[in-house]
Amino acid sequence: MAYKNRIDLHMHTASSFDGNYPAELMCKAAVENSLATIAFTDHFDVDFFERHNLDVRQKSSYEDIVAAKEAFADKIQVLRGIEMGQPTYDTALTEKSLARFEYDFVIGSIHNLREMPDFCELDYPNLSQENIYSLLEKYFEEELILAKWNGFDTLAHLTYPMRYIVQSGRFNTDLSRYDDVVDEIFKTLITNGKALEINTSGLRQPIGKTMPTENYVRRFKELGGELLTLGSDAHFTEHVGAGIDQGYEIAEACGFEYVTYFKDRKPIQIKIEK
Ligand SMILES: [Zn+2]
Ligand SMILES: [Zn+2]
């Protein structure tokens, strides 16, 4: 039996530098997938503001989302979101950019360390395992800085670098050495009333798991976490809603009774039920 009122709160339109389809086609796919609520969250990597021409992209993204929201109003709830990448690397630009439009939902992400390329672009064959652990240590420190900054609604893909580390063949990379800082990240989210995202894109990639994995979702719950968002991170129509049911199963298995979406930057909890 299918879950009711399913949400998918992380997807990209052609306004993202790596997106492919207009919001309208993504909405059509979401309706065909029986999703009740979706959020478009185009990339805004603040440290790539000029390279990604974000001044222009942000406007086209927002206008495309609003047009689709109106066109599909009787079929699906469309939320106006944005994925802020590395917001803590330039908080002034972040805050100015967020104030430009009326967003329902803001995702906080770290895709790269300061002055470094995206984790997807690192030269893994030439990195030792110790190099990888020291990059991961810096990565989780940045996640904690992001959590403390607190200008977002959900913390995206907590174990993002693992997507590429596993893909490069480093299967034995063990994240348990970062458990203390992860606990601090979770406690910060919980104190601030922010959500944790289960990003299901890893399920269709070589890593084969959600980001973060179930053990982290369980730990978040143990520490008192209540707000969970789910997102496919679709960049193509065929991925809209992909893995969302597995995300619900993980949430349930970890003891969550609700998932959450954000409207006008405020959390709304939806009971998990079939
Ligand atoms: Zn991301
Ligand atoms: Zn994304």
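The values are calculated or read from the model by the stated rules, or taken from the named source; none is laboratory data. Keep in mind that this is a model prediction, so the values were computed, not measured. Cβ atoms come from the backbone with ideal geometry, glycine included; neighbour counts cover every protein chain shown.
Of note:
- Scan the range 49-63 for residues that are out of contact with any Phe, Trp or Tyr (no Cβ under 8 Å at 6 or more places or on another chain) and surrounded by 14 or more Cβ atoms within 10 Å (Cβ to Cβ) and the total you get is 2.
- When residues of the range 178-219 are limited to those that are more than 16 Å from ligand 2 (Cβ to nearest atom), hydroxyl-bearing (S, T, Y) and part of a helix (DSSP H, G or I), the one surrounded by the most Cβ atoms within 10 Å (Cβ to Cβ): Y216
- Any chance D245 is surrounded by fewer than 16 Cβ atoms within 10 Å (Cβ to Cβ) and at pLDDT 95 or above: yes
- Pairing residues of the range 79-91 that are touching a residue at least 12 places away in the same chain (Cβ under 8 Å) and more than 11 Å from ligand 2 (Cβ to nearest atom) with residues that are part of a loop (DSSP other than H, G, I, E, B) and among the aromatic types (F, W, Y), at Cβ distances under 8 Å and at least 6 apart in sequence or on separate chains, gives R80/F101; R80/Y103; P87/F152; D90/F49.
- The listed residue being at negative phi, in contact with a Ser or Thr (Cβ under 9 Å, 6 or more places away or on another chain), without any contact (Cβ under 8 Å) to a residue 40 or more places away in the chain and not small (G, A, S), out of I244, I250, I268: I268
- Consider the range 31-59 and keep the residues that are assigned to a loop (DSSP other than H, G, I, E, B) and not hydroxyl-bearing (S, T, Y). The one that is nearest to ligand 2 (Cβ to nearest atom) is H52.
- Across the range 61-104, the number of residues qualifying as within 17 Å of the chain's Cα centre (by Cα), assigned to a loop (DSSP other than H, G, I, E, B) and among the charged types (D, E, K, R) comes to 1.
- Boolean, A251 is within 16 Å of ligand 1 (Cβ to nearest atom) and not in a strand (DSSP E or B): no
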